[in-house]
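Single-structure report; data block below.
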C-alpha cells in the first residue's frame with residue numbers, strides 16, 4: 001500500500017516534547033538512502049488519516065518531497081489500532 005504524507009498525521013500522544021537530538025542525522029540518512037523498512041501504519045476508528053504505528057514523528061517530519069511536490073511513503077498493510085479493540 002502506498003500513502004502520501006498528506007494521508008498521515010503525527011502521533012498526537014508522542015512523549016517527546018522537544019526535537020529529536022538525532023533529527024539532522026536521521027534526515028540526512030533518509031534523504032541519502034530512504035527508509036530502511038516500510039513503517040507499519042494504522043488508522044484509528046473514525047479518523048480519516050493514518051499514523052505510523054510505532055512512533056515515527058521524526059521520520060515523518062524528515063521525509064523528502066518528490067519532484068511532483070508530494071511526499072510518498074510505502075507501508076505494509078494498515079494494522080488495526082489497539083484502541084479499536086473493544
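Each value in this text was obtained by applying a stated rule to the coordinates, not by laboratory testing. What you see is a predicted model; the values in this text were computed from it and never measured.
Structure data summary
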| quantity | calculated |
| --- | --- |
| Computed lengthening from residue 44 to residue 11, 0.36 nm per intervening residue step minus Cα-Cα distance | 10.8 nm |
| Contour excess over end-to-end distance, with Cα ends at residue 30 and residue 18 and 0.36 nm allotted per residue | 2.3 nm |
| Segment residue 1-residue 37, extension gain: residue separation times 0.36 nm, minus the distance between their alpha carbons | 11.6 nm |
